[in-house]
Amino acid sequence: MEDYLKLDKQLCFPIYALSREVIQRYRPLLDEIDLTYPQYLVLMVLWEHQQQTVNQIGGKLLLDSGTLTPLLKRLEQKQLVIRQRSKTDERVVEISLTDEGKQLRTKAEQIPLKLIQELGISLEEITVMKNIINKLLKIKK
């Protein structure tokens, strides 16, 4: 009988280990622009969409507002984003980029290509992996 409790039979462990490894490889690249990986993720959402509510960012990053709020406060302290209550619904907090936050995009543009080179895999392999991962997470394009 197959022992499914062996570590080498688990799906979760290689995914967990890969996640840690990729984030660790991001660290020196992000240190150059004084960002943590979660801060980088938030900025990528804002570089793409310009202004988002906390809930919209959380939905895109699969994070709750309790996790996002301190992260957004730190980005605001770095003068990269502005947090303000919506004029139409004060329960909603809108997040937008400052000029400095917009300019940081130029410095960050090379990070994905540097990471791909560092990992030593092709764009095709990355696409296949992302498609499988997105299928598991039920993320649609």
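Taking 0.36 nm per residue of separation and subtracting the Cα-Cα distance, full extension of the segment from Asp99 to Lys135 would add 9.4 nm. Of the cross-linked pairs Lys9/Lys114; Lys9/Lys60; Lys60/Lys138, which ones have a Cα-Cα span greater than 20 Å in the structure shown? Where the Cα-Cα span goes over 20 Å, the pairs concerned are Lys9/Lys114; Lys9/Lys60. Sequentially through region 97-104, phi angles give Karplus couplings (6.51, -1.76, 1.60; θ = phi - 60°) of 7, 7, 4, 5, x, 5, 5, 4 Hz, Gly and Pro residues having no value and appearing as x.
Rounded to whole numbers, the Karplus 3J(HN,Hα) couplings from phi for region 120-126 are x, 10, 7, 4, 5, 5, 5 Hz, using 6.51 cos²θ - 1.76 cosθ + 1.60 with θ = phi - 60°, and x at Gly and Pro. Remark: region 130-139, residue by residue, has Karplus-estimated 3J(HN,Hα) of 4, 4, 5, 4, 4, 4, 5, 7, 6, 9 Hz, where x stands for each Gly or Pro and the curve is 6.51 cos²θ - 1.76 cosθ + 1.60 at θ = phi - 60°. For Glu94, the amide hydrogen comes within under 5 Å of the amide hydrogens of Gln84, Arg85, Ser86, counting only partners 5 or more places away or on other chains and with H modelled in the peptide plane.
Read-outs: derived from the displayed coordinates by stated rules, not from any lab. Not measured: the values here are computed from a predicted model.
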